Amino acid sequence: MNFFFRSRPDTSWTPAGPVSSFPNLGEDAGNLIQSRLCDANLQPGCKIFHVPKDQPSDSSEIHISPESLESPVTGDALKDQVVVFQYRGKFHAVDHRCPHQSYPLSNGSPFDIEDFGVILSAGLSCPKHGWSFDLFTGMSDRGTYKLPVWEVQLRNKDGKVIDQKGDDHVDVHDGTVWVRRKQRMG
């Protein structure tokens, strides 16, 4: 038996829904949870899931009303939650709870991280104190806080992984979004 390759329970992938159910957020400057048009329907700009660390297969979506302007959960209820959204054509999944003071990041706004007009990355700002986090590294713009960033996969109807860059011969819109906690080494 090889003890180095044991699977931990928190390594399971969780389905987050069809690609077509996520509005592509852009320059509208609204918060994640705010409803937007998506396939001619009003949809919240993000989805929130409760994914228990010890039993990810028991994950469940926290349903958001299209009229919601703020997160339906706060405080300790944010534990083991992930917020999933599409920003400028890329899918992102991060912990729902701000690492600074446990505020729901679904109330936050995505933005481009730029330097002299060149887009370097994407970020998410927490409206409680104005802190921002890089969506790829999780690093904060202040202090040593780090936002846990989840892995995201797009899969086609056969379960095969689709490259997020969107190859010309693959229809990404028919895919499904899957998320899981990033693997820790060691």
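The values are calculated or read from the model by the stated rules, or taken from the named source; none is laboratory data. Here the structure is a predicted model, which means the values were calculated and not measured. All Cβ positions, glycine included, derive from the backbone under ideal geometry; neighbour counts span all protein chains shown. Protein only, heavy atoms only, side chains kept; ligands, DNA and RNA dropped before computing areas. Shrake-Rupley method; radii C 1.70, N 1.55, O 1.52, S 1.80 Å.
A few remarks follow.
- Mean separation of Cα contacts under 8 Å (6+ apart) over length of region 75-127, as relative contact order %: 27 percent
- For region 50-161, lysine pairs with C-alpha atoms less than 28 angstrom apart, excluding pairs fewer than eight positions apart on the same chain, total 14.
- Karplus 3J(HN,Hα) series, Hz, for region 147-161 with 6.51 cos²θ - 1.76 cosθ + 1.60 (x for Gly, Pro): 7, x, 9, 9, 7, 10, 10, 10, 10, 7, 5, 8, x, 7, 5
- Accessible surface, the chain, averaged per residue in Å² (probe 1.4 Å): 57 Å²
- Amide H within-cut-off set for residue 131, under 5 Å, with H built and near neighbours excluded: 126
- Multiplying the residue separation of residue 88 and residue 155 by 0.36 nm and subtracting their alpha-carbon distance yields 22.2 nm.
- Carbon plus sulfur fraction of accessible area for the chain, probe 1.4 Å, in percent: 51 percent
- Normalised by 2.2 N^0.38 Å, where N counts its residues, the alpha-carbon radius of gyration of the chain equals 1.02.
- Residue-count net charge about residue 78 - beta-carbon cut-off 11 Å; Lys, Arg +1, Asp, Glu -1: -1
- Per-peptide packing, taken as the mean over residues of other Cβ atoms within 10 Å, places 83-95, 56-68 in the sequence 83-95, 56-68 from highest down.
- Cα lying deepest toward the dipole's positive end in the chain, options 73, 126, 57, charges on Cβ: 57
- Placing +1 on the Cβ of every Lys and Arg and -1 on the Cβ of every Asp and Glu, with no other charges, gives the chain a dipole of roughly 720 debye about its Cα centre.
- Our summary gives the chain a relative contact order of 21 percent, counting only alpha carbon pairs under 8 angstrom and 6 or more residues apart.
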